[in-house]
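Visitor: Here it is, the structure in full.
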Amino acid sequence: MKKNSNEAIPLILDFCHWLKEQKKSPNTISTYKREVEKYQEWLQEKNCDITHLTKSNIQDYIFFLEQQQKSLATIDKTMGAIRTFAKFLEKPELIFGIKIKPVEKKEDIETLSAHECTLLLNEVKKGGNLRNIAIMYVLLHTGIRVSELCSLNWSNVDFIKNELIIKRNDEKRFIPLSTDTRVHLHNYLRTQTSEEALFITKSGGRLTERTVQYMLKKYDVNPNKLRHTFCQRLVDSNVDLEIVSRFAGHKDINVTKRYVKPQLNKHKLEEVINNAFINETLG
């Protein structure tokens, strides 16, 4: 933080302590602290500070981020931090009615074909690293975010119910584990002694997002592509959009609707329309 923001540091530190009491993960606490500090710096440039939070300056900050063309994911992360901070201040009403402009998405979503998925998984298996194999299957077969992957503990994996439990912003979602994912998690489990963090480094520390992204880069793939592939495969398999949205952790089902593609060609559409109105025509 900037030098002139020292006065706010005690409040932010109190916020972090409160988050620990709420049993938030270290990654979540670090993220919220960073986002609140960024917000404090912006406020100070406006001759305000975070100790006098108002709905107006929250909305102005969101407008500022939109003008900076920040992604919807970034703005959502920021709002999550501010929303939790407002709850800490016992002023949750401050974020009621905050407007966020919808971000126009590209029509083409980059995904892997079934053949490309097979090639990718086979390539990872050739490396023989049980951790990396498990990571690739988890990302591809559950569609979770890298930040969520790094926050996983063994307690988030239920081998009895065959599901992955994702905790994000005080909410939980349950994603079924594919047979292959379960098998590779079991294989990886047999090599680990960690009692908490699911994916760890060679030195025993919790895996970082940067490390995962670096690993994926070696296979010429990125986290978003794996996440998009998961969603696209479910939608293409006619899984209900609400279910896909819940598995992916989308707050707005319109985000999920991006994966719906027109399935009928012009000739087929004409046939459908004719059949739909055939009784009126004959009458």
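Visitor: Treat the count of other C-beta atoms within 10 Å as a stand-in for reagent exposure and order SER30, SER71 from fewest to most.
Guide: SER71, SER30
Visitor: Most exposed first by the Cβ proxy, i.e. fewest other Cβ within 10 Å, how do LEU164, LEU177, LEU13, LEU89 rank?
Guide: So the residues, fewest neighbours to most, are LEU13, LEU89, LEU177, LEU164.
Visitor: Right, something else. Only one of the listed values, (1) 1.00; (2) 0.95; (3) 1.04, was derived from the coordinates as Rg/Rh (Cα atoms, Kirkwood Rh); which label is it?
Guide: Step by step, Rg/Rh (Cα atoms, Kirkwood Rh) for this structure corresponds to label (3).
Visitor: HN-Hα J couplings of the range 173-187 from phi, Karplus 6.51/-1.76/1.60, θ = phi - 60°, integer Hz, Gly and Pro as x?
Guide: Taking θ as phi minus 60°, the curve returns 9, 10, 10, x, 8, 5, 4, 5, 4, 4, 4, 6, 5, 4, 4 Hz for the range 173-187.
Visitor: What order do you get for PHE63, PHE247 when you list them from fewest to most C-beta neighbours inside 10 Å?
Guide: Listed from fewest to most nearby Cβ atoms, that is PHE63, PHE247.
Visitor: State the Cα centre-to-centre distance between the range 60-92 and the range 153-212 in whole Å.
Guide: Centre-to-centre distance over Cα atoms comes out at 29 Å.
Visitor: In whole Hz, what ³J(HN,Hα) sequence does the range 143-155 give by Karplus (6.51, -1.76, 1.60; θ = phi - 60°), x for Gly and Pro?
Guide: My calculation for the range 143-155 gives x, 6, 6, 4, 4, 6, 4, 5, 8, 5, 10, 4, 5 Hz in order.
Visitor: With θ taken as phi - 60° and the coefficients 6.51, -1.76 and 1.60, list the Karplus ³J(HN,Hα) couplings across the range 74-82 in order, rounded to whole Hz; mark glycine and proline as x.
Guide: Couplings: 5, 5, 5, 5, 5, 4, x, 5, 5 Hz.
Laboratory data are not the source of any read-out in this text; all were calculated from the coordinates shown. Fair warning: this is a prediction, and the values are worked out from it, not measured in the lab. We place every Cβ from the backbone using ideal geometry, glycine too, and count neighbours over all the protein chains shown.
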